[in-house]
Amino acid sequence: MIPVFRAADVERAVSPHEAYDAVRSAFEAHARETWTMPSKVYVTNYPAGDFRAMPAIGGGHALLKWVTSFPGNPARGLPTVTGLVLLSDAEDGQLLAVLDAAAVTALRTAAAGVLAADTLCRSEASSYAVIGCGINGAETTRMLVAHEIVPLVWDVDEARRRFVAERLGAREAASAAEALTCEVVITVTPGAAVLYPDGSLEAGQHVSLMGADGPGKAEVAVEEIRRAHVFCDDWEQASHGGELAAAVQAGAVTRETVTELGAVLVGEADGRRSAGDITLFDSTGLAIQDLALARIVFDEARRLTLGIEIDLI
């Protein structure tokens, strides 16, 4: 019998603080190459959306996440992100559990965005915002509130941003401009529109760019990337399918000018260089992070007797 953990099971099994710590450990394992993963594989059906296959191995387990991104789905009453996470024993290859991919993705996205902000923002930063109030933006807001930070939230959908603010104890921004000028901003949008055009980023600002995770998506203009001290989760992924892809093509950044966040966390590279630095973090999502979270869910959900069991034979 194989346990299946639904979205509610994943949320109950892993607290925001546990997710944050797990994702930090995954960044460090990636930097030290103790856990490994190939770059994610895209199977596209643009303009509708795409499918992604994301494998990883480490800590005695292997994982495959099969997940989608179909930005037009909410207009049809369907979720943007769907899919499954398969967790296996790395020693004998046996399937151990199946998890809801959207819930794992939301936790991982929130933890990575907040961790990058904590690592790269000015120590005296006091104003925070989350742009985008879908499932990933809501989880990011929940992560910040759990860390005793009350962010402004903004979404083009007024009802959605109000719901997230009221449910999670955040504050609804009066305008997009108010949110975008905060000292620390985490953007979690579909990446269909640039949020930061030329000349808009302010000295000392940090932005975690979580939404542009595929070709043609962007939340910040290439000229703004030129002005910034740039970080990413994984250069190979980010340079081909993330926020940085267009900047790489334009010659605005190179491998030598972009720092992987894991290297900062393990002390192999510098983070923010000065109070006036503009820092940008480009997240494309690492399967290693999904693996770190899936291992916790597997242990805790079983302990709490969550989920359902299915017989595949």
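The values are calculated or read from the model by the stated rules, or taken from the named source; none is laboratory data. Keep in mind the model is a prediction, meaning the values are calculated, not measured. Virtual Cβ from ideal backbone geometry, glycine too; neighbours counted across all protein chains shown.
For beta carbons closer than 6 Å, sequence separation of 6+ or different chains, a first residue in segment 27-38 that is outside the structural domain of THR259 (by TED's automatic domain parsing) and charged (D, E, K, R) and a second that is at pLDDT 95 or above and surrounded by fewer than 19 Cβ atoms within 10 Å (Cβ to Cβ), the qualifying pairs are GLU28/VAL266. Can you run down the residue pairs with Cβ atoms below 6 Å, 6 or more apart or on separate chains, where the first is in segment 109-125 and outside the structural domain of VAL14 (by TED's automatic domain parsing) and in contact (Cβ under 8 Å) with a residue 24 or more places away in the chain and the partner is outside any loop (DSSP other than H, G, I, E, B) and among the basic types (Lys, Arg)? Cβ pairs passing all conditions: LEU115/ARG24.
Would you check if VAL130 is under 16 Å from the mean Cα position of the chain (by Cα), outside any helix (DSSP H, G or I) and under 20 Å from ARG167 (Cα atoms)? Here the answer is yes, as VAL130 does meet what is asked.
Condition test on VAL253, is it farther than 29 Å from SER126 by Cα and either of a type outside the set (S, T, N, Q) or out of contact with any Phe, Trp or Tyr (no Cβ under 9 Å at 6 or more places or on another chain) (or both)? It is true that VAL253 is farther than 29 Å from SER126 by Cα and either of a type outside the set (S, T, N, Q) or out of contact with any Phe, Trp or Tyr (no Cβ under 9 Å at 6 or more places or on another chain) (or both). Scoring SER69 on the criteria (1) surrounded by fewer than 19 Cβ atoms within 10 Å (Cβ to Cβ); (2) modelled with pLDDT under 95; (3) of a type in the set (S, T, N, Q) leaves a single failure, condition (1). When segment 258-298 is filtered for residues that are in contact with a helix residue (DSSP H, G or I) (Cβ under 9 Å, 6 or more places away or on another chain) and without any contact (Cβ under 8 Å) to a residue 12 or more places away in the chain, the ones remaining, listed by number, are ALA269, ASP270.
GLU166 - would you say it is closer than 20 Å to THR80 by Cα and free of Cβ contacts under 8 Å to residues at least 40 places away in the same chain? Here the answer is no, as GLU166 does not meet what is asked.
For segment 21-38, enumerate the residues that are touching an Asp or Glu at 6+ places or on another chain (Cβ under 9 Å) and buried (at least 18 other Cβ atoms within 10 Å of the Cβ). The answer is ALA26, PHE27, HIS30, ALA31, MET37. Of ALA212, ALA165, ALA177, all but one fail to be in a helix (DSSP H, G or I), surrounded by 14 or more Cβ atoms within 10 Å (Cβ to Cβ) and either touching a strand residue (DSSP E or B) at 6+ places or on another chain (Cβ under 9 Å) or modelled with pLDDT of 95 or more (or both); the exception is ALA165.
Among residues that are farther than 27 Å from GLU260 by Cα, touching a residue at least 24 places away in the same chain (Cβ under 8 Å) and outside any strand (DSSP E or B), GLU91 is included. Just one of the listed residues (VAL222, VAL253, VAL164) is assigned by TED's automatic domain parsing to the domain that holds ALA116, in contact with a helix residue (DSSP H, G or I) (Cβ under 9 Å, 6 or more places away or on another chain), under 27 Å from ALA19 (Cβ atoms) and aliphatic (A, V, I, L, M), and it is VAL164. Only residues that are surrounded by fewer than 21 Cβ atoms within 10 Å (Cβ to Cβ) and either hydrophobic (A, V, I, L, M, F, W, C) or farther than 24 Å from PHE298 by Cα (or both) were counted across segment 40-61, and they come to 13.
If you check VAL81 against the conditions, is it in contact with a strand residue (DSSP E or B) (Cβ under 8 Å, 6 or more places away or on another chain) and either assigned to a loop (DSSP other than H, G, I, E, B) or modelled with pLDDT under 95 (or both)? Against the criterion (in contact with a strand residue (DSSP E or B) (Cβ under 8 Å, 6 or more places away or on another chain) and either assigned to a loop (DSSP other than H, G, I, E, B) or modelled with pLDDT under 95 (or both)), VAL81 qualifies. Of the residues making up segment 221-240, those that are surrounded by fewer than 24 Cβ atoms within 10 Å (Cβ to Cβ) and among the aliphatic types (A, V, I, L, M) are ALA221, VAL222, ALA228, VAL230.
Only residues that are touching a Leu at 6+ places or on another chain (Cβ under 9 Å) and over 12 Å from ARG6 (Cβ atoms) were counted across segment 298-313, and they come to 3. Residues that are among the polar types (S, T, N, Q), at least 2 per element: which helices (runs of 4 or more DSSP H) completely within segment 231-310 meet that? Qualifying helices (runs of 4 or more DSSP H): 235-241.
Only a single item in (1) more than 16 Å from the chain's Cα centre (by Cα); (2) on the phi > 0 side of the Ramachandran plot is not met by ARG167, and it is number (2).
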